[in-house]
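Report on one structure; see the data block that follows.
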Amino acid sequence: ELLRKTVLGVVNFPARKTFVDGSAGIYFDVKQFQLGVSVPQLLGNSLKYDLSTTNINRHYIAHARYKFNLNETKGLSLTPFAKMMFVPGAPLQYDVNLTADVMNIGWINVAWRSDYAVSANIGFRIKKMFSIGYVYHFIMNTTKSYGPVNQEILIGFTFGSRQDDKLKVELEEVTKEIKRREEEIQKLQNEKDSSFRLLDNTSQEFINEE
């Protein structure tokens, strides 16, 4: 049985609405660079009730990321990331963060979220499949009156990472071997060209002496 409540003499019954919605997005991944744009709640429906209308506004989200491989052998990388979110009628929101990552050890991250907080994040990986992290948010907006800081503990488990890492290592080794062989071939070709030039010069000098 549905319960009802009276507010200022008006009887309001719980309401249910069914509607169709959709989302669209596009994502580019070129080497170390990533760029994505998405539009959730694409149709921007308006839900009408007996006494009110609720608008489900269209959202616009874009993000960009670039991964700098500082040391491929140790898996050390530095990744800046930026994301912007816009909803008509609301302030523009954006996140900017920077992550230093060591593949087999863990990561350190610092972030700034507009009109919310400055954050610091540190995490560790255990056997490449289990990870644990800690996040500290220093609140900057009006909600800081309820508490100037916000803290989180992160726990993660990645399925299938061992096989993926093994394939990645094998691919890297094959790529390095191909590159090494190409360099050897190029070196032999250069030596061959040098020998031919030396032979041509010697022949030319012999002809000139005759």
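The values are calculated or read from the model by the stated rules, or taken from the named source; none is laboratory data. The shown structure was predicted, so the numbers you read here are calculated from the model rather than taken from an experiment. Here the Cβ is made from the backbone with ideal geometry for all residues, glycine too, and neighbour counts use every protein chain on show. Note: accessible area is taken over every heavy atom of the protein model, side chains too, but ligands, DNA and RNA are not part of it. Shrake-Rupley method; radii C 1.70, N 1.55, O 1.52, S 1.80 Å.
Any idea how many residues of region 110-131 are at pLDDT 85 or above and loosely packed, with under 13 Cβ neighbours inside 10 Å?
Just the residues of region 110-131 that are at pLDDT 85 or above, to begin with: 110-114, 117-126, 130-131.
Retained after the next criterion (residues that are loosely packed, with under 13 Cβ neighbours inside 10 Å): 126.
Within region 110-131, residues that are at pLDDT 85 or above and loosely packed, with under 13 Cβ neighbours inside 10 Å number 1.
Taking the condition of being β-branched (Val, Ile, Thr) and within 18 Å of the chain's Cα centre (by Cα), how many residues in region 78-127 meet it?
Result for region 78-127: 7.
List every residue pair whose Cβ atoms lie under 8 Å apart, where the two residues are 6 or more positions apart in sequence or sit on different chains, the first residue falls within region 28-42 and is without any contact (Cβ under 8 Å) to a residue 24 or more places away in the chain, and the second residue, located anywhere, is of a type in the set (D, E, K, R) and open to solvent by less than 70 Å² (accessible area, probe 1.4 Å).
Filtered contacts from region 28-42: 41/21; 42/21.
For region 132-152, does any single residue satisfy the condition of being at pLDDT 80 or above, among the basic types (Lys, Arg), open to solvent by 80 Å² or more (accessible area, probe 1.4 Å) and outside any strand (DSSP E or B)?
Looking through region 132-152, none of the residues is at pLDDT 80 or above, among the basic types (Lys, Arg), open to solvent by 80 Å² or more (accessible area, probe 1.4 Å) and outside any strand (DSSP E or B).
Can you tell me which residue is modelled with the highest pLDDT among those in region 48-70 that are among the aliphatic types (A, V, I, L, M) and more than 24 Å from residue 98 (Cα to Cα)?
The qualifying residue modelled with the highest pLDDT is 56.
What residue, among those in region 81-109 that are aliphatic (A, V, I, L, M) and either open to solvent by 80 Å² or more (accessible area, probe 1.4 Å) or outside any strand (DSSP E or B) (or both), is farthest from residue 65 (Cα to Cα)? Steps first, answer last, please.
Here is the first cut: in region 81-109, the ones aliphatic (A, V, I, L, M) are 82, 84-85, 87, 90, 92, 96, 98, 100, 102-103, 105, 108.
Those left that are additionally either open to solvent by 80 Å² or more (accessible area, probe 1.4 Å) or outside any strand (DSSP E or B) (or both): 84, 87, 90, 92, 103, 105, 108.
Details: 84: 12, 87: 22, 90: 25, 92: 19, 103: 18, 105: 22, 108: 16 Å.
By that ranking, first place goes to 90.
Restricting attention to region 23-47, and to residues there that are exposed (fewer than 10 other Cβ atoms within 10 Å of the Cβ) and closer than 26 Å to residue 88 by Cβ, which single residue is modelled with the lowest pLDDT?
Here the answer is 24.
Scan region 33-80 residue by residue and report those that are within 21 Å of residue 106 (Cα to Cα), part of a strand (DSSP E or B) and among the charged types (D, E, K, R).
Answer for region 33-80, where residues must be within 21 Å of residue 106 (Cα to Cα), part of a strand (DSSP E or B) and among the charged types (D, E, K, R): just 65.
Residues of region 153-169 being open to solvent by less than 80 Å² (accessible area, probe 1.4 Å) and either at pLDDT 75 or above or closer than 15 Å to residue 103 by Cα (or both), which ones?
Within region 153-169, 154, 156, 158, 161, 165, 169 qualify.
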